[in-house]
1. Which of the three applies to the stretch 1-53, rounded, prolate or oblate, going by the alpha-carbon gyration tensor with a ≥ b ≥ c and a/c under 1.5 meaning rounded?
2. Starting from the coordinates of the alpha-carbon atoms of the chain, obtain the Kirkwood hydrodynamic radius over all distinct pairs and give the value in Å to one decimal.
3. Computed from the mean reciprocal separation of all distinct C-alpha pairs, what Kirkwood hydrodynamic radius does the stretch 97-168 have, in Å?
4. Under unit Cβ charges (Lys, Arg +1; Asp, Glu -1), what dipole magnitude, rounded to 20 debye, does the stretch 1-144 have relative to its Cα centre?
5. So what's the angle, to the nearest 10 degrees on a 0 to 90 scale, between helix 73-85 and the longest Cα principal axis of the chain?
6. Helix-derived [θ] at 222 nm for the chain: sum -39500 (n - 2.57) over DSSP H runs of at least 4, divide by residue count, nearest 500?
7. For helix 9-25, what angle does its Cα long axis make with the longest principal axis of the chain, in degrees from 0 to 90 and rounded to 10?
8. Which value does Rg/Rh take for the stretch 158-200 over its C-alpha atoms, Rh per Kirkwood?
Amino acid sequence: MTQAHIIKGKDIAADLREALKSEVASTDAAPGLAVILVGDDPASHVYVRNKIKACANVGIESFEARMPEKALQAEVAAEIQAFNDNPNIHGILLQLPVPDHLDSDALIQMIDPAKDVDGLGYINIGKLVAADDSGLVPCTPQGSMMLIKSVEQDLSGKHAVVIGRSLLFGKPMAQLLLAENCTVTTAHSRTQNLEEICRSADILVAAVGRPKMVKGDWIKPGAIVIDVGINRQDDGKLCGDVDYAEAIDVAGAITPVPGGVGPMTIACLLKNTIKAAQS
Ligand code: NAP
């Protein structure tokens with residue numbers, strides 16, 4: 001039995017970061033990224049540390065605003081406004097999730113659309129839907145599309161199934177696939193016949209948050225499988241939403257977890273920051 005081509009997101013992200021480093025080196029002023037971190041969530045602290053390290057590696061200047069767990073909405077809003085007004089800052093990222101008492105959506109919508117490097121503000125979402133290239137595209141779907149394109153350039157007419165409809169991932173991913181002329185099905189928790197729908201996918205993207213939910217017999221032989229899920233198992237190891245051991249014998253190409261989609265997210269954050277600095 002032939003095994004699937006493994007899409008090595010880690011290597012593709014490293015190549016992208018090298019290209020971005022050269023791009024930054026050829027410009028006069030360093031792009032600046034501000035990260036706002038509210039509260040004590042340990043995972044968020046790790047993510048922010050990794051983002052700041054990645055910025056330094058490509059020559060992006062980073063600014064960090066750490067705010068206490070009890071920070072008020074008005075205090076976080078004031079921080080965003082200060083970054084909006086600072087010409088040395090080209091990208092602003094509010095690390096999610098924020099503590100429950102804060103209205104994250106209102107805060108995200110406050111970010112200047114030109115600096116909204118997470119691409120979650122309504123202006124950038126609107127540009128994505130309108131296929132207007134001037135917008136900033138959310139990082140994880142953007143990176144996932146690069147991984148798909150690393151396998152196949154022409155996606156026209158392919159049936160793409162995205163499991164998950166979050167604003168962070170599923171919805172923008174579906175739009176990117178549509179822009180590539182795929183026929184797109186978005187599945188979610190109320191979808192009926194999910195397995196059957198998945199089996200008809202030439203491109204299957206899983207972003208659910210349920211460990212190994214997608215089994216080998218849900219996959220069309222030869223399909224491109226992108227596993228966005230990051231789940232911590234009882235033994236402490238990470239796994240995706242796809243049962244990788246089963247899928248690898250059926251899919252044509254598949255992303256591993258870890259080392260697949262994850263590294264592309266940070267690389268695309270850097271890419272968006274450089275794009276924001278150039279516009
Ligand atoms: P989310 O907001 O929780 O959305 C999950 C989606 O899955 C929802 O649309 C939900 O449907 C759907 N769903 C839940 N159970 C289902 C089921 N049994 N069958 C079909 N659909 C089901 O999560 P998210 O933010 O999109 O993230 C999804 C996963 O990707 C998580 O594991 C997250 O950690 C990971 N992630 C990874 C990266 C990365 O950098 N690699 C970035 C972002 C997210 P309803 O809408 O009907 O509830």
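1. Details: a/c = 5.04, a/b = 1.23, b/c = 4.10.
Since a/c reaches 1.5 but b/c is at least a/b, the shape of the stretch 1-53 is classed as oblate.
2. 19.4 Å
3. Numbers: mean 1/r = 0.0713 Å⁻¹.
Result for the stretch 97-168, one decimal place: 14.0 Å.
4. It works out to roughly 520 debye.
5. 80 degrees
6. -12500 deg cm²/dmol
7. Taking Cα atoms only, the helix is inclined about 30 degrees.
8. Value, to two decimals: 0.96.
Throughout, read-outs are computed from the coordinates displayed, never taken from laboratory work. From a predicted model like this one, the values you see are computed outputs, not experimental measurements. A quick note on method: Cβ atoms are made from the backbone with ideal geometry, for glycine too, and the neighbour counts reach across all protein chains shown.
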